[in-house]
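A short reminder: the numbers here are calculations on the coordinates, not readings from a lab. All figures in this text were calculated on a predicted structure; none of them were measured in a lab. Quick reminder, even Gly has a Cβ in these numbers, built from the backbone with ideal geometry, and neighbours come from all protein chains shown.
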Amino acid sequence: MSVHATGMLSVMSLSIAVKVSLMSSQDHPLSIGAVAALSGRRPSSIRYYEQIGLLPPAARESGRRVYGPDTVRILAVIETGQRAGLTLDEIRALLAVSPDDQVAIERLREVAVKKLPQVKELIERTEIVRDWLEAAVRCECPSLDECPLFDDPARLPQKVPGF
């Protein structure tokens, strides 16, 4: 099996090239260890993705999980989606259609249109926080009571969970 995929993701003026090239000479089912080695994922992650429905249920041979070679490609899609900031539910929506189908690209666009404003908002928030922290680095106030950085809490955006 040989899987090659290239793509270009453009966000604002930033372009990110994504290239996946996974090679395997095996046309027979792959063990979970082989899939893990080819994909760079831990077997526990592979089992988890199977459990939550991102991967189809593995076939069993002598009680052991075996996967088709397409599993490596699905794992590459999952990893790329996670690196792009997609949630597992958003990745599931992408995987719900055949990757060979134009519907998959339309679904990708829908997810991107929904996600892009969230990312832009996070960038704006991060820039405000960066500016405040840079000012804090330059601060020479004798105490916090006298520091103007704390005079107006509204200068900083509301706390975002996880940040």
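Points to keep in mind about this one:
- Cα gyration tensor, the range 30-156 - rounded (a/c under 1.5), prolate or oblate: prolate
- A crude spin-label estimate for the pair E79 and A136, with each label 7 Å from Cα along the Cβ direction, gives 3.5 nm.
- Among the trypsin sites (Lys or Arg not before Pro) in the range 110-163, those placed in a DSSP loop whose Cβ has at most 10 other Cβ atoms within 10 Å are K159.
- Global geometry of the range 97-163, whether rounded, prolate or oblate, following the gyration tensor of its Cα atoms and the 1.5 cut on a/c: prolate
- A96-Q51 FRET efficiency (beta carbon distance; Förster radius 25 Å; 0.05 resolution): 0.90
- Taking other C-beta atoms within 10 Å as the exposure proxy, Y67, Y49 rank Y49, Y67 from fewest upward.
- Straightening the chain between D70 and A112 buys 12.7 nm, computed as 0.36 nm per residue apart minus the Cα-Cα spacing.
- Extension gain from S62 to F150, taking 0.36 nm per residue of separation minus the Cα-Cα distance: 25.2 nm
- Low-density loop positions, GluC sites (Glu not before Pro), the range 64-163 - DSSP coil, at most 11 other Cβ in 10 Å: E140
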